[in-house]
Amino acid sequence: MFYTKPVAIIGLTALISGLYGCSSSSTQPAETAELNVWNEPMNCVTGANYIDGKQVAGTLCATRDFGAYSGKTTEPQIYFSPNNEQAIQKSASDAADGTLSQWKGNQVLLKCDETLGADYKTVVNRLCRVSINNQPLVSAHINYVRGNEDLEP
């Protein structure tokens with residue numbers, strides 16, 4: 001009984017440290033996620049990383065074109081929301097060129113590389129990456145055409 005309390009306190013402290021990410025200082029984000037927007041109007045993924053020593057989470061979302069709903073064809077949109085704050089919205093073509101935005105004095109880069117289909121006109125996949133101050137945060141393969149989930153840009 002004498003040893004139960006110290007062991008329980010040490011175990012609880014280790015568990016809490018692990019849950020809050022205090023025991024890890026990795027600067028590499030998780031694997032690139034797959035977002036399929038051919039079957040959903042919008043799909044999102046969230047990633048986290050240490051940016052300049054502070055843990056930052058970011059949500060990356062993508063839409064397909066809105067022609068099916070409004071009768072007007074509009075370009076797919078890419079959204080990025082750092083720490084669940086106001087989203088940065090860019091058109092897919094702007095994201096392909098790479099766009100810089102400011103967030104709390106930090107430089108946010110959203111860049112998407114396109115993969116064209118067999119007709120060399122239709123974009124079937126985009127690899128989008130978000131970095132803050134040149135440090136990777138979240139990335140995703142965005143699939144616009146069913147069956148192209150495994151394409152590498």
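The values are calculated or read from the model by the stated rules, or taken from the named source; none is laboratory data. The shown structure was predicted, so the numbers you read here are calculated from the model rather than taken from an experiment. Glycine also receives a Cβ, built like all others from the backbone with ideal geometry; neighbour counts cover every protein chain displayed.
Data overview
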item: Filter pass, ASP94 being charged (D, E, K, R) and in a loop (DSSP other than H, G, I, E, B); result: no
item: Total residues in the range 107-135, condition closer than 12 Å to ILE51 by Cα and without any contact (Cβ under 8 Å) to a residue 60 or more places away in the chain; result: 4
item: Residue in the range 53-62 that is touching a Phe, Trp or Tyr at 6+ places or on another chain (Cβ under 7 Å), closer than 27 Å to SER131 by Cβ, of a type outside the set (Val, Ile, Thr) and at pLDDT below 90 present; result: no
item: Residue under evaluation LYS5, criteria (1) closer than 13 Å to SER131 by Cα; (2) at pLDDT below 50; (3) among the basic types (Lys, Arg), criterion not met; result: (1)
item: The range 48-67: number of residues that are within 19 Å of LYS90 (Cα to Cα) and of a type outside the set (A, V, I, L, M, F, W, C); result: 6
